[in-house]
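The structure under discussion appears below in the form of structure tokens.
The values are calculated or read from the model by the stated rules, or taken from the named source; none is laboratory data. Everything quoted here is computed from the prediction, not taken from an experiment. Cβ placement follows ideal geometry from the backbone for every residue including glycine, while neighbour counts extend to all protein chains displayed.
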Amino acid sequence: MEHELNGILFESVQCGIIVMDAETNIVLNINDVACKILHLDKSIIGSECHKMLCNSEECEFKKNDNHKVDEQEVCFMTKIQKRKWLLRTANKIYSNGKIYIVESFTDITDQKMKQEQYTDLVKYAPAGIYELDLKTYKYITFNQLVLEYTGYTEEEFREIGIFGVFTEESKELFFDRMRRLQEGETLSTEVEYEIITKNKKRFWILLNIRFIYNGDKIPTKAFCIVTNITERKCAESKLIFEKERAQMYLDMAFDIFVALDLDGNINLINKTGCDILGSTEEKLLGLNWFDNFVPEHDRIGARIEFQETIKGLNGSNIRLWTNFIYTTKGEKLLVRWRNKVVQDKHGRVIGTFSTGNDITNEYTEEKTLNKLWDETQLQLKEINPNIAFRRRSKQDRNNQLDIAVDLIVNGGTNLK
């Protein structure tokens, strides 16, 4: 009965089992699961084990002084030339004065194939990939591209951890994120860090991160995909520099610089414009130019000019226009404008850019000069009805006024 029970157990277990003579390595028994895994049949009984499993003329088990093998991974080719991976365990047992080897194994081929596929995917990925231990801040796994980025060997990179590659600013950002993560905050899965290579060069990386948590919902690892964004960061820095320099030029200008979108809303204005309008950039941005700063009697004409500029009528790149505006303090100013359309990279019109020269004082002087001219003409006609000056340029009128004043003061005695 006991012998039958042992036989049932031998055939019913879900792992392969082989029983061998420890002296001769002759297979004494093999169960059906082992036959299926190894693509064998019961005819293997009576053969030496190394001819079908060990792949070696010298038994590996005999070389083991501990008389056992614990979870050893074995790869071999079956008789039908199919590669198999086994997780193998073997022990020596004593029964009736004889020594036997009992070997059990499970098929881990699918698991190993997936692992190899994953390894190849990581190894040949077009981006750096690494796994970070959040307790030690050491790198667990990483691919070749990460080493190429940093210039370290595999042993060096595994040892230095983040402390050897992050700049001080990046370390501060990293530990701030770790603190917030430990406090339960949900972090962005993307973050930019500046790192230092082995030869002291600096470049920027973008990390796409997935955190791995334990059963207590504590983050223990970070799986990261690394992209080199140094060129992009350099381009951004250059763009920021150019923007700041352009803003400096705008702020240093004595004219108003203002950009409007297609609805006439302000999306850029320089310091001179803010000072003249009597407000700040923060308050002015987004306001409709025509509704807030153009007097009602000039509003229709100004809007028509704006629309004609956008449509490119009259075939002119620069359009001239003069109109009154109101400041936020209610002061009325006359401004001479030079208007030009703004286009995006596809050539589509997205608004206008205008420079405005405050000519209020000039306009006031012109009105005063015209008034003085009219008064002088009346006085001249009283002195001599046959004398009259034609209206010419402002400079000519100034010269003529000087002559007229002399005539008036001297009673016309110098008149020729």
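Let's see how each residue does on (1) modelled with pLDDT under 85; (2) surrounded by fewer than 16 Cβ atoms within 10 Å (Cβ to Cβ); (3) among the basic types (Lys, Arg); (4) closer than 18 Å to THR197 by Cβ:
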{"site": "THR136", "(1), (2), (3), (4)": "no, yes, no, no"}
{"site": "TYR139", "(1), (2), (3), (4)": "no, no, no, yes"}
{"site": "LEU145", "(1), (2), (3), (4)": "yes, no, no, yes"}
{"site": "VAL165", "(1), (2), (3), (4)": "no, no, no, yes"}
{"site": "ARG180", "(1), (2), (3), (4)": "no, yes, yes, no"}
First in the range 302-313 and farther than 18 Å from ASP291 by Cα, second anywhere and of a type in the set (Ser, Thr, Tyr) and surrounded by 12 or more Cβ atoms within 10 Å (Cβ to Cβ), Cβ under 6 Å, 6 or more apart:
THR309/THR352
Quick one: would you say GLU169 is more than 16 Å from LYS221 (Cα to Cα), loosely packed, with under 13 Cβ neighbours inside 10 Å, out of contact with any His (no Cβ under 6 Å at 6 or more places or on another chain) and not hydroxyl-bearing (Ser, Thr, Tyr)?
yes
Find the helices (runs of 4 or more DSSP H) located wholly in the range 2-68 whose residues include 3 or more that are in contact with a Phe, Trp or Tyr (Cβ under 6 Å, 6 or more places away or on another chain) and at pLDDT 55 or above, and list them.
none
So GLU116 fits all but one of (1) at pLDDT below 85; (2) crowded, with 17+ Cβ neighbours inside 10 Å; what number is the exception?
(2)
Could you list all residues from the range 274-300 that are at pLDDT 90 or above and over 18 Å from ALA259 (Cβ atoms)?
GLY278, PRO295, GLU296, ARG299, ILE300
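Each row is one residue, and each column tells you yes or no for (1) more than 18 Å from TYR363 (Cβ to Cβ); (2) of a type in the set (Lys, Arg).
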{"site": "GLY301", "(1), (2)": "no, no"}
{"site": "LYS311", "(1), (2)": "yes, yes"}
{"site": "ILE325", "(1), (2)": "no, no"}
{"site": "ARG336", "(1), (2)": "no, yes"}
Scan the range 237-259 and give yes if some residue there is of a type in the set (A, V, I, L, M), at pLDDT below 80 and not in a helix (DSSP H, G or I), otherwise no.
yes
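May I ask you to say which residue of LEU187, LEU173 is more than 15 Å from LEU147 (Cα to Cα), modelled with pLDDT under 90 and either within 16 Å of the chain's Cα centre (by Cα) or outside any strand (DSSP E or B) (or both)?
On the way: LEU173 fails: modelled with pLDDT under 90.
Checking each option against the conditions leaves just LEU187.
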Could you please let me know if ARG336 is modelled with pLDDT of 90 or more, more than 41 Å from the chain's Cα centre (by Cα) and of a type in the set (Lys, Arg)?
no
Which of the residues spanning the range 196-236 are among the polar types (S, T, N, Q), touching a residue at least 24 places away in the same chain (Cβ under 8 Å) and not in a loop (DSSP other than H, G, I, E, B)?
THR220, THR227, ASN228, THR230
Enumerate the helices (runs of 4 or more DSSP H) found wholly within the range 280-358, keeping only those where 2 or more residues are surrounded by 18 or more Cβ atoms within 10 Å (Cβ to Cβ).
289-293, 296-311
